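Got a structure here, written out as structure tokens. Questions coming.
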Amino acid sequence: MRVVFDTNVVLDVLLDREPFSMAATSLFCAVEESRIDALLCATTLTTIEYLLGQTMSANRVKKVLSRLLELFDVATVNRTVIHAALQSGMRDFEDAVLAHSAHLAGADAVITRNGRDFRHSPVKIFTPADFLTLL
């Protein structure tokens, strides 16, 4: 199954945010073992760079982003994605962009902790724990 990880799941791993990091880390391991075909939305990478840059050196942040790019492919954000997100009926624009980027990339699902914000998503939504049960 091809999936896009929401930014909150990635940050759970990078920032070791308990109690969420355990399931998210297990998913990262599955990606590393090629049991999951996973992508990150392009906006996730820019958000992570900004947030980590508040507490880490620029060099360290680049290393983290490089490691993410070794594990994940990138789902594109373009005019089509932005237009679809604007028309989607999803209340959170950032989540709408991620969902429509996932759809354009041919993803089957988004893995997120805030499924409520993805009510009108064009792809299925799973929590990290729910997705782990599918593996």
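Quick check on H100: is it out of contact with any Cys (no Cβ under 7 Å at 6 or more places or on another chain), modelled with pLDDT under 95 and more than 18 Å from I36 (Cα to Cα)?
On the way: out of contact with any Cys (no Cβ under 7 Å at 6 or more places or on another chain): yes; modelled with pLDDT under 95: no; more than 18 Å from I36 (Cα to Cα): yes.
It is false that H100 is out of contact with any Cys (no Cβ under 7 Å at 6 or more places or on another chain), modelled with pLDDT under 95 and more than 18 Å from I36 (Cα to Cα).
Taking the stated definitions as given, is V81 on the phi < 0 side of the Ramachandran plot and free of Cβ contacts under 8 Å to residues at least 24 places away in the same chain?
So V81 passes the test.
Just for region 91-110: of the residues that are over 18 Å from L27 (Cβ atoms) and surrounded by fewer than 18 Cβ atoms within 10 Å (Cβ to Cβ), which one is nearest to the chain's Cα centre (by Cα)?
E94
I've got another one for you. Give the residues of region 38-60 that are hydroxyl-bearing (S, T, Y) and in a helix (DSSP H, G or I), sorted by residue number.
Selection gives T43, T44, T46, T47, Y50.
Take A129 and decide whether it is surrounded by 20 or more Cβ atoms within 10 Å (Cβ to Cβ), in contact with a helix residue (DSSP H, G or I) (Cβ under 7 Å, 6 or more places away or on another chain) and at pLDDT 95 or above. Write out each step before concluding.
Values: surrounded by 20 or more Cβ atoms within 10 Å (Cβ to Cβ): no; in contact with a helix residue (DSSP H, G or I) (Cβ under 7 Å, 6 or more places away or on another chain): yes; at pLDDT 95 or above: yes.
Considered against the rule, which asks whether it is surrounded by 20 or more Cβ atoms within 10 Å (Cβ to Cβ), in contact with a helix residue (DSSP H, G or I) (Cβ under 7 Å, 6 or more places away or on another chain) and at pLDDT 95 or above, A129 comes out as no.
In contact with a His (Cβ under 8 Å, 6 or more places away or on another chain), surrounded by 13 or more Cβ atoms within 10 Å (Cβ to Cβ) and part of a loop (DSSP other than H, G, I, E, B) - does that describe any residue in region 62-74?
Pass one, region 62-74, residues in contact with a His (Cβ under 8 Å, 6 or more places away or on another chain): none.
No, that holds for no residue.
Still on this structure: Cβ-Cβ under 8 Å, sequence separation 6+ or interchain: first residue in region 44-69 and free of Cβ contacts under 8 Å to residues at least 24 places away in the same chain, partner charged (D, E, K, R). Which pairs?
From region 44-69, the pairs are V61/E49; L65/E49.
Kindly list, by first and then second residue, each pair from a residue in region 1-28 that is part of a loop (DSSP other than H, G, I, E, B) to a residue that is among the hydroxyl-bearing types (S, T, Y), limited to pairs with Cβ atoms under 9 Å and residues at least 6 apart or on different chains.
D6/T44; D6/T112; L15/S21; D16/T25
Let me ask another. Take region 75-85 and flag every residue that is outside any helix (DSSP H, G or I) and not hydroxyl-bearing (S, T, Y). Working first, answer last.
Here is the first cut: in region 75-85, the residues outside any helix (DSSP H, G or I) are 75-78.
Selection gives A75, V77, N78.
The values are calculated or read from the model by the stated rules, or taken from the named source; none is laboratory data. Treat the numbers as computed from the prediction; the structure is a model and nothing was measured. For neighbour counting, all protein chains shown are included, and Cβ atoms are generated from backbone atoms with ideal geometry for every residue, glycine included.
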